[in-house]
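S.K.: Before I ask anything, let me first share the structure, which is written out below as structure tokens.
The values are calculated or read from the model by the stated rules, or taken from the named source; none is laboratory data. Only a predicted model underlies this, so the values are computations on that prediction, with no experimental measurement involved. No Cβ is skipped: glycine too gets one built from the backbone with ideal geometry, and neighbour counts run over all protein chains shown.
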Amino acid sequence: MLNIQEVYEKYFTVVYRYLLSLSHNTHIAEELTQETFFKALKKVDDFRGECDLRVWLCQISKNTYYDYLKKNKKYAPEAQNEFAEEVFSVDFIQDFSDKETAFRVHKVLHKLSEPYKEVFSLRVFGELSFSDISDLFGKSESWARVTYHRACKKIREELDDENYL
């Protein structure tokens with residue numbers, strides 16, 4: 001049986017950063033992170049270990065976020081003006097350390113369609129491996145890699161169009 005306190009301490013940051021990347025709002029991300037772990041606690045006996053625990057938690061958090069959007073339409077990402085002050089740690093933007101650049105990249109990420117946005121968020125904010133992402137979507141690992149790299153390309157192109165890179 002899993003020790004939920006250890007799981008919470010180990011995966012809190014992963015779940016929080018993933019939800020922050022989806023919601024672009026620290027308060028919503030905090031609230032949904034707590035709700036995610038509450039749901040995980042209630043369903044811990046259902047976890048069969050067929051996937052990585054991180055993948056399971058990210059799936060719960062994604063569903064929790066979508067439930068939240070359904071209940072609170074006014075907080076849909078399209079209507080939000082708040083963006084996370086997250087410094088990205090992705091290959092092509094490793095050197096970006098100022099908030100303005102992080103904001104621009106986050107803004108571009110927000111415009112991406114699914115599954116690009118979600119795969120990028122899982123990889124960057126959730127720090128999931130391509131294998132974990134492929135498990136989450138029920139697709140191949142190469143699909144996860146290609147989707148991630150296409151998302152990076154789309155972000156790079158959008159920033160190029162803005163003459164930012």
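S.K.: Exactly one of (1) at pLDDT 90 or above; (2) surrounded by 13 or more Cβ atoms within 10 Å (Cβ to Cβ); (3) not aromatic (F, W, Y) is unmet by L20. Its number?
M.R.: Here L20 meets the rest and fails (1).
S.K.: So which residues in region 102-122 are at pLDDT 85 or above, surrounded by fewer than 22 Cβ atoms within 10 Å (Cβ to Cβ) and either of a type in the set (S, T, N, Q) or in contact with a Ser or Thr (Cβ under 9 Å, 6 or more places away or on another chain) (or both)?
M.R.: The answer is S113, P115, Y116, K117.
S.K.: Another one. Could you tell me which residue of region 23-56 is nearest to the chain's Cα centre (by Cα), considering only residues that are surrounded by fewer than 19 Cβ atoms within 10 Å (Cβ to Cβ) and of a type in the set (A, V, I, L, M)?
M.R.: L53
Residues are listed down the side, and each one gets a yes or a no for (1) acidic (D, E); (2) closer than 17 Å to F137 by Cα; (3) out of contact with any strand residue (DSSP E or B) (no Cβ under 7 Å at 6 or more places or on another chain):
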{"residue": "I28", "(1), (2), (3)": "no, no, yes"}
{"residue": "E31", "(1), (2), (3)": "yes, no, yes"}
{"residue": "L41", "(1), (2), (3)": "no, no, yes"}
{"residue": "L53", "(1), (2), (3)": "no, yes, yes"}
{"residue": "K62", "(1), (2), (3)": "no, yes, yes"}
